[in-house]
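The values are calculated or read from the model by the stated rules, or taken from the named source; none is laboratory data. Note that the structure is a prediction, hence the values are computed from the model and not measured. FYI the Cβ positions are ideal-geometry reconstructions off the backbone, even for glycines, and counts take in every protein chain you see.
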Amino acid sequence: MATTAQENLPPPLDSKAELPPLFDGTPRLYISYSCPFAQRAWITRNYKGLQDKIKLVPLNLRDRPTWYKEKVYPVNKVPALEHNGKVIGESLDLIKYVDSNFEGPSLLPDDPEKRKFADELFSHIDTFTNDVYTSFKGDPAKQAGPAFDYLEKALDKFDDGPFFLGQFSQVDIAYIPFVERFQIFLSEEFKYDITAGRPKLAAWIEELNKLDAYKSTKADPKELVEFYRSRFVAKQ
């Protein structure tokens, strides 16, 4: 993994901010510092050592600039990447796009069996997140348990490293923004420890927290809990 000095993060742009230059040859990654989907693309950029190649453009999603939808990305969501005269969205697509189209260490192994398993894990991620979100309205220990058991079993498939495919990959990047948030909120709100009885999951989280590319993107725990409470608990 390429390493760089600690990055000075720019402040989020709000509705009063001016439109950055478009299609001037500088790749720009539009994100929100609090969005798990944007965090995927952000981690990918960092791990590949592209801090000087892909410029971060953070947005204030509660007061986002009108020019973002009108001139940058009509879908009006983050993340979005401006590159080679076009704008690309969808976080899972962006993980793969940045990995394939920019320099830096590869985030997908050549092993066909591992690539097949990666596809399986990518296809499962919506089920995983939906199951955990649904559990917030019931009994997370019972309802979310199987979702985390699935991850524990998946982490046991390859023995050449602590990550889903052995070595750090696109799959880890896809899952960790959500596992990060679920671990914090389930512990704080429901006193549920997602790593209890799941040593592989505990080791996976521990190893990820050693990676600067990920650590520098982590959400503020207090803000996260407040947001999840307002979204999931207050409406019960």
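Just checking, how many residues over segment 97-135 are under 17 Å from residue 195 (Cα atoms) and in contact with a Leu (Cβ under 9 Å, 6 or more places away or on another chain)?
3
Mind counting the residues in segment 53-72 that are over 16 Å from residue 40 (Cβ atoms) and either of a type in the set (Gly, Ala, Ser) or part of a loop (DSSP other than H, G, I, E, B) (or both)?
Total satisfying the criteria: 4.
Scan segment 186-216 for residues that are among the basic types (Lys, Arg) and either buried (at least 16 other Cβ atoms within 10 Å of the Cβ) or within 19 Å of residue 146 (Cα to Cα) (or both) and jot them down.
Passing the criteria: 191, 198, 200.
Do we have residue 24 as surrounded by fewer than 19 Cβ atoms within 10 Å (Cβ to Cβ) and either in the same structural domain as residue 180 (by TED's automatic domain parsing) or out of contact with any Ser or Thr (no Cβ under 9 Å at 6 or more places or on another chain) (or both) here?
yes
Quickly run through segment 217-236 and pick out the residues that are under 26 Å from residue 47 (Cα atoms) and surrounded by 15 or more Cβ atoms within 10 Å (Cβ to Cβ).
Answer for segment 217-236, where residues must be under 26 Å from residue 47 (Cα atoms) and surrounded by 15 or more Cβ atoms within 10 Å (Cβ to Cβ): 217, 218, 219, 221, 224.
Given the conditions (1) farther than 30 Å from residue 86 by Cα; (2) surrounded by 15 or more Cβ atoms within 10 Å (Cβ to Cβ); (3) of a type in the set (D, E, K, R), report the number of the one that residue 137 does not fulfil.
The single condition residue 137 does not satisfy is (2).
Please go through segment 133-174 and pick out each residue that is hydroxyl-bearing (Ser, Thr, Tyr) and assigned to a loop (DSSP other than H, G, I, E, B).
Taking segment 133-174 as the starting set, the residues that turn out to be hydroxyl-bearing (Ser, Thr, Tyr) are 133-135, 150, 169.
The answer is 169, and nothing else.
Could you grab me the full set of residues in segment 86-114 that are in a helix (DSSP H, G or I) and over 23 Å from residue 37 (Cβ atoms)?
112, 113, 114
Of 114, 157, 153, which residue is surrounded by 15 or more Cβ atoms within 10 Å (Cβ to Cβ), modelled with pLDDT of 95 or more, more than 25 Å from residue 48 (Cα to Cα) and more than 20 Å from the chain's Cα centre (by Cα)? Explain how you work it out, then say what you get.
Details: 114 fails: more than 25 Å from residue 48 (Cα to Cα); 153 fails: surrounded by 15 or more Cβ atoms within 10 Å (Cβ to Cβ).
Testing whether each residue is surrounded by 15 or more Cβ atoms within 10 Å (Cβ to Cβ), modelled with pLDDT of 95 or more, more than 25 Å from residue 48 (Cα to Cα) and more than 20 Å from the chain's Cα centre (by Cα) leaves just 157.
When you look at residue 176, is it under 17 Å from the mean Cα position of the chain (by Cα) and not assigned by TED's automatic domain parsing to the domain that holds residue 38, yes or no?
Yes; evaluated as a whole, the condition is true for this residue.
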